[in-house]
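Trainee: Quick one: this structure, given as structure tokens, is what I'll be asking you about.
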Amino acid sequence: SRAGGLFISTLIFALALSTTRRRQDPVDDLRAAIDAGEMVPYYQPVMDISSGRLIGCEVLVRWRRPDGEVVPPSSFIPLAETSGLIFELTNRLMRTARDEVAAVYATRPSLKLGFNAHADHFLNDRIVADVEQVFGGSPIRLSQIMLEVTERAPLADLNEARRTIAALQALGVKVAIDDVGTGHGGLNYLLKLGVDTIKIDKMFIDAIGTERYSNAIIETLVELSRTMKIDVIAEGVETFDQVEYLRSHGVHMAQGHVFAPALPGGAFLDLCEAMCRD
Ligand code: C2E
Ligand code: CA
Ligand code: CA
Ligand code: CA
């Protein structure tokens, strides 16, 4: 029929258009993916290594394409950051994560939920309003939310970042420096930003037992954190020897493949149910 033919040709045109666009403008492609809900949260468990209990998770984004392919963040987060789409992406990711895990909070209100933020998030206070809007009125209290700011990207304005962090903390939100020891911050971020937590990068965890100076760096960070009353999370923990080393050197929280990788929502909720029974 003519209507059928028209439908088919319109469909072909739309497909052609979308493949052209995919080739020509990756920013449009990324924006469309965000709007279509293709950015999905994965959850990596964070453990209390003194008690063996699951205490929360870090949300790590994945791009789940319509054909089922799961794309890691390293292939699209840089573009999201340079294009400014990171604000929309983070906002959508927080909403999706909230909707996925909210039910767990009825039985486990103390579970921590961490998100990665970009340095630019701390240069204006949009993130403060976003977090309040997304989690206010949800079963997840703002005190359970943590935002991680990586040391890998420079913070253009430390004073502004300090103000944004203080505004978040006034709501009860926790702030962490991610990838400590690898980037621009050095001890400066630790001293100036007033964060609640530091995350020791995998690089130092990998070197436990193999490089003396790496052990010294971990021990120095732990000592400094204790003095400053800052929490420490070790990341990228892959062996029991590393867990043992961290435990005996005063690190109480860790995440890594020795416990679990980042899991899709369903698997994380199953794990919570299995591990959260007191
Ligand atoms: P990150 O925040 O340092 O996250 C830790 C990365 O190490 C994650 O990779 C995680 O899956 C991986 N990982 C965790 N434990 C282990 C382990 O024991 N061994 C190994 N080999 N790897 C481990 P992923 O998910 O590919 O994320 C890479 C980076 O992308 C993250 O590094 C973070 O900087 C960025 N990222 C992820 N999600 C987001 C997001 O929603 N927003 C922003 N702005 N950045 C994100
Ligand atoms: Ca992180
Ligand atoms: Ca990290
Ligand atoms: Ca890292």
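The values are calculated or read from the model by the stated rules, or taken from the named source; none is laboratory data. None of the values given here were measured: they were computed from a predicted structure. Cβ sites come from the backbone with ideal geometry, for glycine too, and all protein chains shown count toward neighbours. Heads up: the accessible areas ignore ligands, DNA and RNA and are worked out on the full protein's heavy atoms, side chains in. Shrake-Rupley method; radii C 1.70, N 1.55, O 1.52, S 1.80 Å.
Trainee: Within the set of other residues whose C-beta is less than 15 Å from the C-beta of Phe240, count the net charge using Lys and Arg as +1 and Asp and Glu as -1.
Mentor: Numbers: positive: Arg247; negative: Asp206, Glu238, Asp241, Glu244.
Within the 15 Å Cβ shell, the charges total -3.
Trainee: How much FRET efficiency would the formula 1/(1 + (r/R0)^6) give for Ala129 and Met228, where r is the Cβ-Cβ distance and R0 is 35 Å, rounded to 0.05? Please list the in-between numbers first.
Mentor: Numbers: r = 29 Å, r/R0 = 0.81.
The pair Ala129/Met228 has a calculated efficiency of 0.75.
Trainee: Rolling a 1.4 angstrom probe over the protein heavy atoms, how many square angstrom per residue are accessible across the range 54-187? If you can, show how the numbers build up before the last one.
Mentor: Details: 5600 Å² over 134 residues.
Ligands and nucleic acids excluded, the figure is 42 Å² per residue.
Trainee: Calculate the spin-label point distance for Ser50 paired with Gln169, positioning each point 7 Å from the Cα along the beta-carbon direction, and give it in nanometres.
Mentor: In this crude spin-label approximation the distance works out to 2.2 nm.
Trainee: Same structure, new question: Using Cα pairs closer than 8 Å and at least 6 residues apart in sequence, work out the relative contact order for the chain, in percent. All intermediate terms of the calculation are to be shown ahead of the outcome.
Mentor: Working: 430 pairs, mean separation 51.3, N = 278.
Dividing the mean separation by the residue count of the chain yields 18 percent.
Trainee: As I understand it, the dipole of the range 52-115 uses +1 on the Cβ of Lys and Arg and -1 on the Cβ of Asp and Glu, about the Cα centre. Which of Gly52, Met94, Trp63 lies farthest toward its positive end?
Mentor: Gly52
Trainee: Would you compute, from DSSP H runs of 4+ residues alone, the mean residue ellipticity of the chain at 222 nm, taking -39500 (n - 2.57) per run and dividing by the full residue count, rounded to the nearest 500?
Mentor: On the way: 11 runs with 128 residues, N = 278.
Helix-only estimate at 222 nm: -14000 deg cm²/dmol.
Trainee: Also, quick follow-up: Pairs of alpha-carbon atoms within less than 8 angstrom and 6+ residues apart define the contacts here; what relative contact order does the range 108-161 have, in percent? Intermediate results must be reported in sequence, preceding the final value.
Mentor: Working: 51 pairs, mean separation 29.6, N = 54.
The value is 55 percent.
Trainee: Next question, about the same structure. Which GluC sites (Glu not before Pro) in the range 210-276 pass both tests, a DSSP loop state and at most 15 other beta-carbon atoms within 10 Å?
Mentor: Working: sites: Glu211, Glu219, Glu223, Glu235, Glu238, Glu244, Glu273; in loops: Glu211, Glu235, Glu238.
Qualifying residues, ordered by number: Glu211, Glu238.
Trainee: Continuing with the same structure: Semi-axes of the range 155-200's equivalent ellipsoid from the Cα gyration tensor, sqrt of 5 times each eigenvalue, largest first, rounded to whole Å?
Mentor: On the way: eigenvalues 62, 33, 10 Å².
Here the semi-axes work out to 18, 13, 7 Å.
Trainee: Quote to one decimal, in nm, the extra length available between Ser83 and Val258 on full extension: 0.36 nm per residue of separation minus the C-alpha distance between them. Let's see the in-between values first.
Mentor: Numbers: separation 175, 0.36 × 175 = 63.00 nm, distance 3.54 nm.
Difference between extended and current length: 59.5 nm.
Trainee: Also, I was wondering about something else. Out of Asn116, Asn215, Asn124, any idea which swings most in a Gaussian network model of the chain, alpha carbons joined below 10 Å?
Mentor: Asn124
Trainee: Working from Cα positions, state the angle (0 to 90°, nearest 10) between the long axis of helix 86-101 and the longest principal axis of the chain.
Mentor: 80
Trainee: Still on this structure, please answer the following. Please report, for the Cα atoms of the range 169-230, the Rg to one decimal and the Dmax as a whole number; what are they, in angstrom?
Mentor: Using the Cα atoms of the range 169-230, the pair Rg, Dmax is 12.3, 42 Å.
Trainee: How large, in Å, is the chain by the Kirkwood hydrodynamic radius built from its alpha-carbon pairs? Provide the component values of the computation, followed by the final result.
Mentor: Details: mean 1/r = 0.0496 Å⁻¹.
This gives a value of 20.2 Å.
Trainee: With the full set of protein chains in place, find how many percent of the accessible area of the range 194-234 is carbon and sulfur; take the probe as 1.4 Å. It would help to have the intermediate numbers written out before the result.
Mentor: On the way: 1170 of 2150 Å².
Carbon and sulfur together cover 54 percent of it.
Trainee: Suppose every K and R has +1 on its Cβ and every D and E has -1 on its Cβ; what is the size of the dipole of the range 235-278 about the Cα centre, in Debye to the nearest 20? Don't jump to the answer; show the numbers that get you there.
Mentor: Working: 2 positive and 7 negative charges, 14 e Å.
Dipole of the range 235-278, to the nearest 20 debye: 60 debye.
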